[in-house]
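J.: Questions regarding the structure given below will be posed in turn.
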Number of protein chains: 4
Amino acid sequence: MCRFLVYKGCPVLMADLLTRPNHSLIKQSYAAEWRSEPLNGDGFGVGWYAPEIDPVPCLFTSITPAWSNQNLRHLAEKVLAPCLFAHVRAASSGMLVSEVNCHPFQCGRWLWMHNGLIAGFNRIRRRLRESLTDSLYNFVQGTTDSEHAFAVFLNQLEDPAGAQTPDRLRRALVDTIAQLNAWGREADIREPSYYNFAVSDGETVIATRYVNDPACRPASLFFSAGAKFECREGMCRMLPGARHEHAVIVSSEPLTDVEEDWQVVPAGHLIEVTPELEVNVTALDGAT
Amino acid sequence: MCRFLVYKGCPVLMADLLTRPNHSLIKQSYAAEWRSEPLNGDGFGVGWYAPEIDPVPCLFTSITPAWSNQNLRHLAEKVLAPCLFAHVRAASSGMLVSEVNCHPFQCGRWLWMHNGLIAGFNRIRRRLRESLTDSLYNFVQGTTDSEHAFAVFLNQLEDPAGAQTPDRLRRALVDTIAQLNAWGREADIREPSYYNFAVSDGETVIATRYVNDPACRPASLFFSAGAKFECREGMCRMLPGARHEHAVIVSSEPLTDVEEDWQVVPAGHLIEVTPELEVNVTALDGAT
Amino acid sequence: MCRFLVYKGCPVLMADLLTRPNHSLIKQSYAAEWRSEPLNGDGFGVGWYAPEIDPVPCLFTSITPAWSNQNLRHLAEKVLAPCLFAHVRAASSGMLVSEVNCHPFQCGRWLWMHNGLIAGFNRIRRRLRESLTDSLYNFVQGTTDSEHAFAVFLNQLEDPAGAQTPDRLRRALVDTIAQLNAWGREADIREPSYYNFAVSDGETVIATRYVNDPACRPASLFFSAGAKFECREGMCRMLPGARHEHAVIVSSEPLTDVEEDWQVVPAGHLIEVTPELEVNVTALDGAT
Amino acid sequence: MCRFLVYKGCPVLMADLLTRPNHSLIKQSYAAEWRSEPLNGDGFGVGWYAPEIDPVPCLFTSITPAWSNQNLRHLAEKVLAPCLFAHVRAASSGMLVSEVNCHPFQCGRWLWMHNGLIAGFNRIRRRLRESLTDSLYNFVQGTTDSEHAFAVFLNQLEDPAGAQTPDRLRRALVDTIAQLNAWGREADIREPSYYNFAVSDGETVIATRYVNDPACRPASLFFSAGAKFECREGMCRMLPGARHEHAVIVSSEPLTDVEEDWQVVPAGHLIEVTPELEVNVTALDGAT
């Protein structure tokens, strides 16, 4: 299990998400509050879009903990981005801490990250890989369930390099989860799988909050939407905004103590931020 | 603040100290129990003597956390040593996580490590360095109070490369603390300094438990002595032994739940393990 | 292309192979002489057996260059081993420099490394993986042709965990190469593949010098055998010995300038060092 | 000895300096042409200004070689900067490869880097440090001559945090060299010292080409000035411009084969790029 956040809106300084809030993502790397184990010290990654340059996002990952990485601290003070992914990792038991296993994963214009785990992954890895196109088969660099799930997602898209509507993107993500569930049933895996995924092409962002066993609670997921997320004199706040929001954060945990700024994404739902910054929270139907 | 351990005795497998016990040092890197903050994830180091080769100890350090370092895990299963230092670091605020700041520090046949901090160190660093011989002045590679304290210790020895009696070693360590205290008073530093040091030349081991303000509690320190420290079928124990022990562990925290195996080093005391493996716990007189 | 060496014999100090000779492996990491490109700076690895502890070898790898790694320098001065693998890497174009891609690779008691490349590997990876048992399928951590070739080799063995005769080991290695060649033909790959492999179970060592196109020269491979390999006062030499040698080095390049100490392994041959330290150089028949 | 470059002008994509040109700085990290030893693989660093955010530059450094660092490769494709420093290091003998020893060094708004070495540095380090203010004394993190020279430079400025005229900056740099030379004479150091320094506050850039022994040649230094430095379809060029240039590169080696684009900075000279992008090459008087 891990912690992550996604931002989409008017350009935000990375530090305002990663280091300045009371419960910033870096704080969550050693003192997460919404999971039983507070530590997410097995490396980290950030990915962000610079649409003024090209549609391929930038990626910065490391196997050292987020809290002590000087390069991250420096970059956070200088990177302004309209769409940003960040992830602090708690490696599942037996999973290697290695650069190739750091989230977010990137392919062309896509970013992907995962908070959760695919139960019995070693028993479906083979079946999963068989389903991939040759190019996605060779794309996978590491051994995580998360990166393989990303390959399955890309495999659902007719043209991963082309433009996508939010609809098609949502459909591909739901199909990915349904496919993973089907392989799990085939392999007779009884343990629950946790699928909090986040994905973007730089235009649309979608994140899910889901566990495939109704008796279990999925990992936590919150969001905050408004006119602007701002840190001033040590205080970070989401300034209120109109219907078409200008700043949306989707995050494993609230970044601040201002309770009214944060809403829960309900279990079994997905949250979608459209290119126009509309926020839709809908039931994740068709995933089982 | 950090966690450390020293072993001296018949050769022990590194894994029996670092990975196998319930409260192994690697466990303490993410779940220390005897300090308010459980996390010691800012790098680690191990040093061990191979007297069959030469008197200079081997050193292995890294800025990644001990719990995820594959090289450490592999080495721990293969290194047998009669004298071993190991340290997991929680960097003091403002201190850089860098290889040069990892404990233990090594100079010739000496190993040194520190759990604690020298209050107001930036205000005495200059005075401290002035006192050093040219060669020790240039020896210091990093910026920690701990490495500088090591240089002060080496500076007390007439011939750091020569053989030392336990008496001279103890005297040099007490003088080091007294000297640090004197510089602190000169600089009018009021905050308490914590000096849990461990030092060895491969023959004698000495560790201190001390804070220079009587109103404060020093960091925890325990020891265990017996015939042999052994891990079998998932259970680690210190087997009881006679007066001249064959295995002594000095450790920030007990490595096992077997309470009778562990004794406290009292506040304001030092523990000395002689080349003949005699264990002496004595008051740290003359340090103030 | 890379550089590697294997040692088998009476315990040798790692530094006598890695740092002390004129053309030590660390020297070869920045100034190799027997390949057109002198640089092998994309990480390194060492593996060695400690049979007094258990049959599983120790592994130490890093993505930093061998020449500047302090931990390697320290370990080399203290590790004595009767069987040792060491490798400095020049990553093939497009291959990631990552810990999971560092040689030697280890599985149970086996060590494996590769100097060369499998042409068109992305076009046979899928076919190759399909052939693996489930457990070997999940064993592979990285993306190199070399680690996959190791999995193919282990897949040839009836019982990888059991004891092997040199004969069976040789047969498995020849079959591995034959299998890789067959897949290459199937995929219509015309470029030459270079298979200088080294493998050991700690008892027998086998290394090959081979390219699958008779018009090409395989990567260089030398060996030296004698009573003892010794470095004294800056001079390293293989002391002459009797028929049953006590020290054998197999190496991409001679470690010293003493020409009579080094023999070429002919193209298309393999060299085998038996548990009794007999050295056999034989034609690699049946590999095509 | 190392290789470095500085850019000042209209915002340039980092990749156009670091990865795309025939003789890009990353190429120089393994195949430098203007020094006898082609390898600069002991880590690297880049620093750049983002004046739209604040005057403090961003810093990204690593001890892995520039040629294999994925984070650098990703950042280079996304960072646009009006002023950029980049450095690939060949550590002087005995100098540690460590993050704290990577160039460029940064302090407040200042960036500093060095290609060269201060002869007999261990014999003047003490005298040098004594001259520093307390705050600069504690600023130094590593052990390089280069970082210490930076501290000496900052020590010459009345108000390092305040705005500087190019004149004052040039004066401080000349005084720094004169001071280092004076300490060298005091310590009776006879070997030549090489001082190719580059420094900037984000407004003015100054770089020197100097060795303190007239019988020796200083390290190479070139510059190119024009309207814009551009890479198109694999070809990089400095487009010609008017007197007030819009793009200036100062670099240890020409980045391209277009000879007319590059001019030599003569030995014993400094090159200054003013806030208005005027380029002045003047004799380094008063440094001896």
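J.: Given the conditions (1) under 30 Å from C:V258 (Cβ atoms); (2) buried (at least 20 other Cβ atoms within 10 Å of the Cβ); (3) touching a His at 6+ places or on another chain (Cβ under 9 Å), which single one is not true for C:E203?
T.: With respect to (1) under 30 Å from C:V258 (Cβ atoms); (2) buried (at least 20 other Cβ atoms within 10 Å of the Cβ); (3) touching a His at 6+ places or on another chain (Cβ under 9 Å), C:E203 is out only on (3).
J.: Okay, next question. Please determine, by comparing only the residues of the range B:60-72 that are assigned to a strand (DSSP E or B) and in contact with a Cys (Cβ under 9 Å, 6 or more places away or on another chain), which one is farthest from C:I63 (Cα to Cα).
T.: Out of the qualifying residues, it is B:T61.
J.: If you check B:R89 against the conditions, is it surrounded by fewer than 19 Cβ atoms within 10 Å (Cβ to Cβ), more than 7 Å from every other protein chain (Cβ to nearest Cβ) and within 17 Å of B:L18 (Cα to Cα)?
T.: no
J.: Further question on the same structure: Of the residues A:Q141, A:Q106, only one is more than 14 Å from chain B (Cβ to nearest Cβ), assigned to a strand (DSSP E or B), open to solvent by 10 Å² or more (accessible area, probe 1.4 Å) and not β-branched (V, I, T); which?
T.: After ruling out the rest, the residue left standing is A:Q106.
J.: When you scan the range B:173-181, do you find a residue that is in a loop (DSSP other than H, G, I, E, B) and either within 17 Å of D:R126 (Cα to Cα) or open to solvent by 40 Å² or more (accessible area, probe 1.4 Å) (or both), even just one?
T.: Looking for residues that are in a loop (DSSP other than H, G, I, E, B) and either within 17 Å of D:R126 (Cα to Cα) or open to solvent by 40 Å² or more (accessible area, probe 1.4 Å) (or both), one finds none in the range B:173-181, hence no.
J.: Additional query: When the residues of the range C:32-57 are narrowed to those that are in a strand (DSSP E or B) and surrounded by fewer than 24 Cβ atoms within 10 Å (Cβ to Cβ), which ends up nearest to the other protein chains (Cβ to nearest Cβ)?
T.: For the range C:32-57, the residue satisfying everything is C:A50.
J.: Give me a count of the residues in the range C:152-168 that are assigned to a helix (DSSP H, G or I), free of Cβ contacts under 8 Å to residues at least 40 places away in the same chain and of a type in the set (A, V, I, L, M).
T.: So the count comes out to 1.
J.: Do the conditions hold for B:S29, that is, is it in contact with a strand residue (DSSP E or B) (Cβ under 9 Å, 6 or more places away or on another chain), within 12 Å of another protein chain (Cβ to nearest Cβ) and under 21 Å from C:S68 (Cα atoms)?
T.: No; evaluated as a whole, the condition is false for this residue.
J.: Could I ask something else about it? Kindly list, by first and then second residue, each pair from a residue in the range C:62-81 that is in contact (Cβ under 8 Å) with a residue 12 or more places away in the chain to a residue that is open to solvent by 20 Å² or more (accessible area, probe 1.4 Å) and assigned to a helix (DSSP H, G or I), limited to pairs with Cβ atoms under 7 Å and residues at least 6 apart or on different chains.
T.: C:I63/C:E99; C:W67/C:Y30
J.: May I pose another question? Answer yes or no as to whether B:E191 is out of contact with any helix residue (DSSP H, G or I) (no Cβ under 7 Å at 6 or more places or on another chain), closer than 21 Å to B:Q106 by Cα and surrounded by fewer than 21 Cβ atoms within 10 Å (Cβ to Cβ).
T.: When the stated conditions are applied, B:E191 does not pass them.
J.: For a quick check of your reading of the model, give me the residue pairs whose first member lies in the range B:223-234 and is more than 14 Å from B:N22 (Cβ to Cβ), whose second is small (G, A, S) and surrounded by fewer than 19 Cβ atoms within 10 Å (Cβ to Cβ), with beta-carbon atoms closer than 6 Å and at least 6 apart or on different chains.
T.: If the second residue must be small (G, A, S) and surrounded by fewer than 19 Cβ atoms within 10 Å (Cβ to Cβ), the pairs left are B:G226/B:G241; B:A227/B:G241.
J.: Looking only at the range D:70-86, count every residue that is away from every other protein chain (no Cβ under 12 Å) and buried (at least 23 other Cβ atoms within 10 Å of the Cβ) and tell me the total.
T.: Count: 4.
J.: Name the single residue that is nearest to C:T64 (Cα to Cα) among those in the range D:58-69 being within 12 Å of chain A (Cβ to nearest Cβ) and within 19 Å of the chain's Cα centre (by Cα).
T.: The residue in question is D:I63.
J.: Kindly indicate the residue of the range D:112-138 that is more than 14 Å from chain B (Cβ to nearest Cβ) and not in a loop (DSSP other than H, G, I, E, B) and also surrounded by the fewest Cβ atoms within 10 Å (Cβ to Cβ) among those meeting that condition.
T.: Step by step, filter the range D:112-138, then rank; the result is D:L117.
J.: If you don't mind, there's one more thing I want to ask. Whether any residue in the range A:12-27 is part of a strand (DSSP E or B) and touching a residue at least 60 places away in the same chain (Cβ under 8 Å) is what I want to check.
T.: Yes, the range A:12-27 contains a residue that is part of a strand (DSSP E or B) and touching a residue at least 60 places away in the same chain (Cβ under 8 Å).
J.: Which residues, counting only those in the range A:22-48, are under 15 Å from the mean Cα position of the chain (by Cα) and more than 18 Å from A:S98 (Cβ to Cβ)?
T.: Within the range A:22-48, A:L25, A:Q28, A:W48 qualify.
So that you can scan it fast, the table gives a plain yes or no per residue for (1) open to solvent by less than 20 Å² (accessible area, probe 1.4 Å); (2) modelled with pLDDT under 95; (3) not basic (K, R):
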site: B:A207; (1), (2), (3): yes, no, yes
site: B:R232; (1), (2), (3): no, yes, no
site: B:P240; (1), (2), (3): no, yes, yes
site: B:R243; (1), (2), (3): no, yes, no
site: B:V281; (1), (2), (3): no, no, yes
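J.: Which ones in the range D:256-279 are open to solvent by 30 Å² or more (accessible area, probe 1.4 Å) and of a type in the set (A, V, I, L, M)?
T.: D:V264, D:A267, D:V279
J.: Test of understanding: among C:E186, C:E253, which residue is open to solvent by less than 10 Å² (accessible area, probe 1.4 Å) and either more than 25 Å from C:G47 (Cα to Cα) or touching a His at 6+ places or on another chain (Cβ under 9 Å) (or both)?
T.: Residue meeting the stated conditions: C:E253.
The values are calculated or read from the model by the stated rules, or taken from the named source; none is laboratory data. The structure presented is a predicted model; accordingly, all values stated were derived computationally and were not measured. Here the Cβ is made from the backbone with ideal geometry for all residues, glycine too, and neighbour counts use every protein chain on show. The area values use the complete protein model at the heavy-atom level, side chains included, leaving out ligands, DNA and RNA. Shrake-Rupley method; radii C 1.70, N 1.55, O 1.52, S 1.80 Å.
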